[in-house]
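Working notes, structure below.
A short reminder: the numbers here are calculations on the coordinates, not readings from a lab. Remember, it's a predicted structure, so these values are computed and weren't measured experimentally. Here the Cβ positions follow ideal geometry from the backbone for every residue, glycine too, while neighbour counts run over all protein chains shown.
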Amino acid sequence: MILRFLTSGESHGKALVGILEGIPSGLSISAEDIDGDLKRRQSGHGRGARMKIEFDRAEILSGVRWGKTTGSPITLFIENKDWKNWLEGMSPDAKAEGSIPAVTRPRPGHADLAGAIKYNQHDIRNILERSSARETATRVALGAVAKKFLSEFNIKIGSYVIQIGKVKVKSSKLKVQSSEKGLLSMFEKAEISPVRCPDEEASKKMIKLIDKATREGNSLGGIFEVFVTGATIGLGSHIQWDRRLDGRLAHALMSIQAIKGVEIGLGFEIARHFGSEVMDEIFYRAKSKEQRAKSINSELRSASCGPNSELTVGFYRKTNYAGGIEGGMTNRMPIILRAAMKPIPTLKRPLRSVDIISKESVEAAYERSDICAVPAAGVIGEAMVALIIADAFLEKFGGDSMDKTKRNYESYIEYIKRF
């Protein structure tokens, strides 16, 4: 692993902190580059009251000087605005112990019971504060840095919601996209939807379903897709299990709170077809004299775009059933990932549980929560995918500075064109 990161902090603690190590020096970055994704994470129909309190902003504490990375670890700080209401309840000072009641009623579907037993805690707040999805704000901030790095190489990452509850996007019948233009168009449509869905009719139905769940004290899950365009061929490797890019991406998405399933390309649907129906056949297009006259920048873009581009030369595919990854490596097609999020387990209409102290049957504890967080989960998915792709990119091209990384990358693109 070249790119390493850690997050720290609790849901109602003073702040969240993230450290990202491995970004080369010379990358232009500012807090504004990060804050946009933090805002996207907080949006979406179905979010809880917490989002009315928090207006997440990232403060860069280290690793950036005068607008550019220095090569040292980047430290990001995100203040918890709600901390003012928890000064004693989440205080590190022993004198504040007992200032608020202990949480002893574990919520089904959360880390509460398993975490309390594992860490020998008889106040479940010591578990739920860290296991909370509030932690993902830090991942989104760190992922925004990775996105900025990847954008220097024309790699774009986006997401959109394709299902909430039983409401699905009509056009999404597990048909994997192979066009960068088509994916970016879906992303743009999703960004103006309250539920980040590219299908206007489905969006309206999703909103109605979320409103119904709100009235009934219930919650909803769903499915989102994350895509990556512009990734050149050969990121990842087939030579060891832990270097396979599909495994690393699946791990990253499954690490997001409430994610219970991940697919790549056609995913489970591919198992229902004959092999002749779902393999991405290989074609070759020779480079013409006219294309040789194109600028270097255009040629670099051609090495990373889909088969629908006029600039595409060399080996290419007309389909993308594999979702851009074969043998644990990128194959130059867009990477398509899909993740399933379970309904939020914290319910206003409590489920049955058992008090960990008295052992009596009780209703599960209620913590302020969302009704549906699938739109936000897509943004978190983008961040995790960006961190993994950036790591694989640096693994292949290295470089302690952006200049060196770019030279290595451009040399490889030239090699591909001659292969």
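Overview of values
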quantity: Cross-link pairs Lys148/Lys318; Lys156/Lys417; Lys166/Lys204; Lys68/Lys156; Lys147/Lys404 - those with Cα-Cα distance over 25 Å; calculated: Lys148/Lys318
quantity: Charge sum, other residues only, whose C-beta stays under 11 Å from Ser219's C-beta, Lys/Arg counted +1 and Asp/Glu -1; calculated: +1
quantity: Mean residue ellipticity (222 nm) of the chain, computed from DSSP H runs ≥ 4 via -39,500 (n - 2.57), nearest 500; calculated: -10000 deg cm²/dmol
quantity: Full-extension gain in nm, Arg215 to Glu97, via 0.36 nm per residue minus C-alpha separation; calculated: 38.8 nm
quantity: Positive dipole terminus of the chain, leading residue within Val169, Val145, Gly217 (C-beta point charges); calculated: Val169
quantity: Computed magnitude of the charge dipole of segment 82-147 (debye, nearest 20; Cβ of K, R +1, Cβ of D, E -1); calculated: 300
quantity: Those aspartates and glutamates that a straight Cα-Cα span of less than 13 Å connects to Lys81, excepting residues fewer than 8 apart in one chain; calculated: Glu10, Glu54, Asp56
quantity: Rounded FRET efficiency, nearest 0.05, which uses the C-beta distance separating Arg368 from Ala114 and R0 of 35 Å; calculated: 0.95
quantity: Contour excess over end-to-end distance, with Cα ends at Leu184 and Met1 and 0.36 nm allotted per residue; calculated: 62.9 nm
quantity: Fluctuation leader among Gly236, Gly182, Gly398 - the chain, Gaussian network, Cα springs under 10 angstrom; calculated: Gly182
quantity: Shape call, the chain: gyration tensor on alpha carbons, a/c limit 1.5; calculated: prolate
quantity: Ordering of 258-268, 347-357, 385-395 by burial proxy (mean other Cβ atoms within 10 Å per residue, highest first); calculated: 385-395, 258-268, 347-357
quantity: Computed over segment 348-419, Kirkwood Rh from alpha-carbon pairs, angstrom; calculated: 17.2
quantity: Percent RCO, i.e. relative contact order, over segment 99-151, from Cα pairs under 8 Å lying at least 6 residues apart; calculated: 27
quantity: In nm, spacing of pseudo-spin labels at Glu21 and Ser361 (7 Å Cα→C-beta vector); calculated: 5.2
quantity: Cα shape, segment 64-193, gyration tensor, a/c 1.5 rule; calculated: oblate
